[in-house]
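The values are calculated or read from the model by the stated rules, or taken from the named source; none is laboratory data. Keep in mind that what you see is a predicted model, and the values were worked out from it rather than measured. When we count neighbours, we look across all protein chains shown, and the Cβ atoms used for this are built from the backbone with ideal geometry, even at glycine. All accessible areas refer to the heavy atoms of the entire protein, side chains included, with ligands and DNA or RNA removed. Shrake-Rupley method; radii C 1.70, N 1.55, O 1.52, S 1.80 Å.
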Amino acid sequence: MKRRLLSLWVVGSVIAVSVASGQGTDTLRLTLGEAVARALAMSDEVSLALSQISVLEAQFVQARAAALPGVTLRGGYTQVTKNARAAIVSSLFGQSYTYTASVNISQPVFQGGRLLASVRGASDLLDASRATLAETKARLSVQAQRLYLSAVLARQLEEIQVRNAELADQRVAQVEQLEKAGRASRYDLLKARVTRANLEPGLLQARSDREIAQIELRQFLNIPSDLPLLLVSEIDTTVLRSVVRQIVADSGSARWPRPLLRAAELTLEARREALRAARADFLPTISVFFNTGYTALPSTSRFPTVWGRTSAEACPPGTPEGRVCQNNGWYPDRSYGLQLSWSLFDGLRAKGALDLARANERIARLQLEQVREQVVTEVARALSEFGRAEATFEARRQNVDEAEEAYRIAWLRFERGLGTQLEVTDAQLALFTARVNAARAVVDYYLAAAELARARGQNVPLPPLRPLSR
């Protein structure tokens, strides 16, 4: 319940802060951190994992309760209208009113290790469920960051397409002026116009990709389609390399295993405890008990209010001498003992339970091996992807500046008649490709580090952020 209330508070805070910062509009201004918090708070997978933890917590309490002493309070009132034994044997059996009150205390002493195994197994399953929740949160965190950054990247790619189209428009206008001045041919003008027209499909595709990325982010975060959404964070490239290196260093020195692997190990331990509990069905059970209470047999319907005492004074007038009577009060009744129970034949129920426990333990062992192989594969894949992304990021750092300088030189050569329009087109294409690759390299570099941290079982941090440039 506390986790659910905290999740609702996080979501409410995210929405309130975002709407309040929208300067009186209904636009949802969303940062990357808020997107991750919203994903973790509103995800059905997280809610399901929390519900599973609640179930296992209740089962753990039940398993532990079986090992603790039991205290039972009983009370009763009986009124007899006809009593066959009193009519046949003696009127002593003909008590019309009976009051009883007792407390029974019982404690299991020996059950073949069943209770201890059940408690340990329930505890292991509870810890496994918590590890599963941690794995789910790590995966959702990376997925939320991936979708958010993909939407930001799609917007940047659209802006690059727009700038590329603007450069083409400027070249068309410049070639038109050169053609009027007799410094360019009709062929040069037609080629500039065709080159500009060929950029239009790419610009339309970039706009479509941006809208699709926004739709996917909305669906993942459960944001209504009619609510305007504005992403206000982007990766700060000035400190990205140092932050990523720290992420990789921390994930490489992680002390705790991957939550997915830890959950599989705990599940196997729980199955082994269940096997021990199944073996205990073949052994006897021993428990001790203590029962204390009071019984009252009043001769009238009046509720007894005194402690029981037997004497001649309590007898009614006319009672023969030497007879003693009870005073209609409460008389103590105590007993204690030891109970032994051993099932000699139960129709092979215990054998069936043991076979089932062995099969479940074998399945859990095989699943653990599969998870180990999966984790090793994911870590190797993440390392390889990070190496590729890091190399690409380093290679693209100066590429954009060089491509911009090459485009300016090609444009000046064309203006002065020293170069051809083909050189300008090639330089513009190279500049466009460099900008696109640089934008993708930044996102891929961080996401590769985040995925490596998740694969190694480390907490996934947020990248260094700055306000998104307009």
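Dimensions of the range 258-336 based on its C-alpha atoms, expressed as ranges along the principal axes with the largest first, amount to 87, 28, 16 Å. Seen from G329, the other residues with C-beta closer than 12 Å to its C-beta sum to a net charge of +2, counting Lys and Arg as +1 and Asp and Glu as -1. Relative to the dominant Cα principal axis of the chain, helix 200-221 is inclined by about 10°.
Using the Kirkwood radius over Cα pairs, work out the Stokes-Einstein diffusion coefficient for the range 151-214 at 10 °C and 1.306 mPa s, in µm²/s as a whole number.
In µm²/s, the coefficient is 125.
Applying 1/(1 + (r/R0)^6) with R0 = 30 Å to the Cβ-Cβ distance of V61 and V376, what FRET efficiency is obtained, to the nearest 0.05? So, using R0 = 30 Å, E works out to roughly 0.25. Taking the average, over residues, of other Cβ atoms within 10 Å as the packing measure, peptides 354-362, 273-281, 206-214 rank 273-281, 206-214, 354-362 from highest down.
Using R0 = 30 Å, the C-beta based FRET efficiency linking Q107 and T81 works out to 0.15.
If you take the Cα centroid of the range 149-176 and the Cα centroid of the range 345-407, the two points sit 40 Å apart.
For the range 288-293, backbone phi angles converted through the Karplus equation (6.51, -1.76, 1.60; θ = phi - 60°) give residue-by-residue couplings of 10, 9, 9, 10, 9, x Hz, Gly and Pro being listed as x. Max-minus-min Cα coordinates of the range 299-412 on each principal axis give 138, 46, 21 Å, with the largest extent listed first. Here the Karplus curve 6.51 cos²θ - 1.76 cosθ + 1.60, taken at θ = phi - 60°, turns the phi angles of the range 386-391 into couplings of 5, x, 5, 5, 5, 5 Hz, with x standing for Gly and Pro. Solvent-free Debye calculation, one equal scatterer per alpha-carbon of the chain: log10 I(q)/I(0) at 0.08, 0.09 Å⁻¹ equals -0.76, -0.85.
Summing +1 for each Lys or Arg and -1 for each Asp or Glu among the other residues whose beta-carbon sits under 10 angstrom from that of D209 gives +1.
Couplings 3J(HN,Hα) for the range 413-421, derived from phi with the Karplus relation 6.51 cos²θ - 1.76 cosθ + 1.60 (θ = phi - 60°), are 4, 5, 4, 8, x, 8, x, 9, 5 Hz, where x marks Gly and Pro.
Accessible area ranking (1.4 Å probe, heavy atoms, ligands and nucleic acids excluded), largest first, for S54, S299: S299, S54. Note that the chain presents 58 Å² accessible area per residue, ligands and nucleic acids not counted, probe 1.4 Å.
For the range 249-363, what % of the accessible area comes from carbon and sulfur atoms, probe 1.4 Å? Don't skip to the end; give the middle numbers.
Values: 4480 of 7720 Å².
Accessible surface attributable to carbon and sulfur in the range 249-363 totals 58 percent.
For S301 and S335, the FRET efficiency from 1/(1 + (r/R0)^6), where r spans their Cβ atoms and R0 equals 30 Å, is about 0.55. Taking the accessible area of the range 380-454, probe 1.4 Å, and keeping the other protein chains in place, the carbon and sulfur fraction comes to 54%. When the Cα gyration tensor is reduced to axis lengths a ≥ b ≥ c, the ratio a/c is 1.5 or higher for the range 367-446, and with a/b above b/c it is classed as prolate.
With contributions of -39500 (n - 2.57) from each DSSP H run of at least four residues, the per-residue ellipticity at 222 nm computed over the chain stands at -22000 deg cm²/dmol. Lys/Arg Cβ at +1, Asp/Glu Cβ at -1, dipole of the chain taken about the Cα centre: which of V175, S242, Q59 is farthest positive-ward? Of the candidates, Q59 comes out farthest on the positive side.
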